[in-house]
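As structure tokens, the structure follows; a few thoughts come after it.
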């Protein structure tokens, strides 16, 4: 099949797990014989006037990368305007490069059999190009704005993002989520008039995450968190649990690898819980550095309050790092068997402490769980399996009849009930 993948992240532009997901998927699909073009963006700061588009082939994947429009929009401050400007540049590049080839004089033009969109930021160009080529639109929903904000979208920008997500879901001909919990979330938020939703877990290339067996501890235990420093990742709950862990396992430290908007607040939390000297914030860590941290840690703790999937759990399991994770969303599905890791409920500080203590108290059982977790990856989370199942969704997708969309429901946080006796 000829597949046009539209994604706002693709190496070297990697903001989070989405960029790595799309890269592995595109490469594996191409390796299985499909013709893949990825329409994506160039790094921020690229000169949009002199170098608007690059067109290259890497690992049999053709990458058409466009520069952001030369307009002073800032993603953090003008997110919707920035996203629309990016979408305009995607559409122009798609029409110029792909549509131009479609009408080439030699008749050898390229046009897709399907368009695959990844998340709401590419909704506008993906929908436009699928309509232009009159082919099915498949969309992978990696997360939702409501999910990231505890089920509510009360702010103006939150509502805008939610509306675009709703629009993309309704305009798609097939939807993919990375976990059953995400499928249920998408159905609840955007249903009932949405297409079929297929659950296809994220994959992992275990060759890039070498395994190392746990050896005897050489000193106090070192716990690891790796991920974005955002409220929904629950690092604040792990910091609150750390004093309890240190009471039974003195000297235990926590290493935090990652960046995010909550970095300063989390540093303040270490002072509030009096664990400042026990916590190291490393910021961004490269691949080799992260592998080294996973090999060294006594356990990786992922205390997410919201997690569509949690690819870092697979990466850690591949390296042999013992898993202690919340049951939030996809994490609960990735570590569904107690023989592969210990779990706790999202936001449960006592549960975090209990699971970590049990992990540190029985090194033999912990090592056995780490080996079992790694073995499970080979069969259930290979990129070959992910690509085959995704191609199956492509083949089954047909253009749906479009209806008037109406307006999305906005799940706003309800105001507290007013005391009837309270005066105005």
Fill in the blank from the handout: Fewest to most Cβ atoms within 10 Å: 326, 304, 154 sort as 154, 304, 326
Problem - Cβ-based exposure ranking for 166, 82, in which fewest neighbours within 10 Å come first - result: 82, 166
Practice task
Choose one answer from 80, 294, 56: the residue with the largest mean-square fluctuation in a GNM of the chain with alpha-carbon springs under 10 Å.
Solution key: 56
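Could you give the C-alpha radius of gyration of region 142-208 expressed as a fraction of 2.2 N^0.38 Å, taking N as the number of residues it contains?
Details: Rg = 13.3 Å, N = 67, 2.2 N^0.38 = 10.9 Å.
So the Cα radius of gyration is 1.22 times the expected 2.2 N^0.38 Å.
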Handout entry: Tilt relative to the chain, helix 287-296 - C-alpha long axis, 0 to 90 degrees, to 10
Key = 30 degrees
Completion exercise
To the nearest 10 degrees, the tilt of helix 156-171 (Cα long axis) against the first principal axis of the alpha carbons of the chain is 60 degrees
Problem - Distance between region 118-189 and region 236-285 - C-alpha centres, whole angstrom - result: 34 Å
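What is the Å³ per residue value for the convex hull set by the Cα atoms of region 206-380? Mind showing how you got there, number by number?
Details: hull volume 17.2 nm³, N = 175.
Cα-based convex hull of region 206-380, divided per residue, equals 98 Å³.
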Problem - Among 96, 374, 41, residue whose mean-square fluctuation peaks in a GNM of the chain (springs only between Cα atoms under 10 Å) - result: 96
Fill in the blank from the handout: Relative to the compact-globule estimate 2.2 N^0.38 Å (N residues), the Cα gyration radius of the chain stands at a ratio of 1.04
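Most exposed first by the Cβ proxy, i.e. fewest other Cβ within 10 Å, how do 276, 53 rank? Each step should come with its number before you reach the end.
On the way: 276 12, 53 17.
So the residues, fewest neighbours to most, are 276, 53.
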Handout entry: Over the chain: helical MRE at 222 nm, DSSP H runs n ≥ 4 each giving -39500 (n - 2.57), nearest 500
Key = -12000 deg cm²/dmol
Handout entry: Choice from 325, 91, 401 showing the highest fluctuation, given a GNM over the chain with Cα pairs closer than 10 Å
Key = 401
Completion exercise
Nearest 10, in degrees from 0 to 90: the angle of helix 263-272 to the longest Cα principal axis of the chain is 20 degrees
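The numbers here are math on the coordinates, done by the rules we state, and not lab data. Keep in mind it's a predicted model, so treat the numbers as computed, not measured. Ideal geometry is used to build each Cβ from the backbone, glycine not excepted, and the neighbour counts take in all protein chains shown.
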